[in-house]
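Below is one structure, written out as structure tokens; the observations come after it.
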Amino acid sequence: MFSLSEENYLKAIFHLQNSYKNGVSTNALAEEMQTKASSVTDMIKRLSEKSLVNYKKYQGVKLSEAGRAAAIEVIRKHRLWEVFLVEKLNFNWDEVHEVAEQLEHIKSEKLTAELDRFLGFPQRDPHGDPIPDSEGNFSVANRVLLSELKTDETGICVGVKDSSTEFLQYLDKNNISLGAIVKVKQKEDFDQSMLIEMDDNEFMISNQISANLYIKTT
């Protein structure tokens, strides 16, 4: 059994590892967890003593196999709860993250398994992120950021990189949803903003928006 704080750190390290191949730095983890570097150091020591992470001075921290398994289990529960909240309790996709942050720490393996079965074994959460199965396996999506597309290229919106309430509300306001077909009509060299076509409508979006939308090219 791990504490709520330990699980949050394991999950944070898991997500950051994609950007820090040689190990997640203490400062990066402190920024992610919004805490002091000294607090991060103390937690890394605790996790290391439990064989959940491997830490090398000046190189950063990585999850051990046990740590990775624990992190994936928390992520699995979080994403299943997000599906449940949206599909069964009529939450909007911008409302579920904070609630799922609380529910993800419930320890019952039976509850997680039954929730998965009840939902029909979903593969993706409301934001398009893959849900690990009971063995911890992810389904890998072939996707790129909308910002990487060139003029006249087309794709289907399959996920978001930024799942903040503000960004999701922006997408709702502009009727941008998962499953929407997006075509890049024009791309500005100056600031990488782009004119896109969606549902027979054309409008401009900033690079900040396009750099946070995942697209499956067609």
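Structural remarks
- Using a cut-off of 23 Å between Cα atoms, the listed pairs 21/57; 88/110; 11/77 include none that exceed that distance.
- Database remark: amide H of residue 63 closer than 5 angstrom to the amide H of 54 (H placed geometrically; neighbours at sequence offset of 5 or more, or on other chains; Pro and chain starts carry no H).
- Given charges at Cβ of Lys, Arg, Asp, Glu: the stretch 26-143 dipole, positive-most of 39, 105, 123: 39
- One decimal place: the segment residue 206-residue 177 gains 8.8 nm when fully extended, by the rule 0.36 nm per residue minus the C-alpha distance.
- Inter-site label distance for residue 117 and residue 138 at 7 Å from Cα along Cβ, in nm: 2.8
- Relative contact order of the stretch 24-116, taken over Cα pairs closer than 8 Å and 6 or more residues apart, is 19 percent.
- Across the chain, C-alpha contacts under 8 Å between residues 6 or more apart give a mean separation that, scaled by the residue count, equals a relative contact order of 15 percent.
- Highest mobility in the GNM of the chain, judged by mean-square fluctuation with C-alpha springs under 10 Å and restricted to 34, 59, 192, is found for 34.
- For the chain, built as a Gaussian network whose Cα springs stay under 10 Å, the top-fluctuating residue of 189, 162, 94: 189
- Our summary gives the stretch 119-218 a relative contact order of 33 percent, counting only alpha carbon pairs under 8 angstrom and 6 or more residues apart.
- Annotation: amide H-H contacts under 5 Å for residue 131 (H modelled 1.01 Å from N, sequence separation of 5 or more, or interchain): 124, 125, 139.
- Cα centroid of the stretch 1-72 to Cα centroid of the stretch 163-206, whole Å: 35
- Cα gyration tensor, the stretch 48-167 - rounded (a/c under 1.5), prolate or oblate: oblate
- Residue 35 paired with residue 69, simple spin-label distance in nm, labels 7 Å along Cα-to-beta-carbon: 2.5
- Here is how the number arises for the chain: DSSP H runs of 4 or more residues each give -39500 (n - 2.57), the sum is divided by the residue count, and the result at 222 nm is -12500 deg cm²/dmol.
No lab work stands behind these numbers, since they all come straight from the coordinates. Computed from a predicted structure; not experimentally measured. Counting neighbours? That spans all protein chains shown, and the Cβs are built from the backbone with ideal geometry, glycine included.
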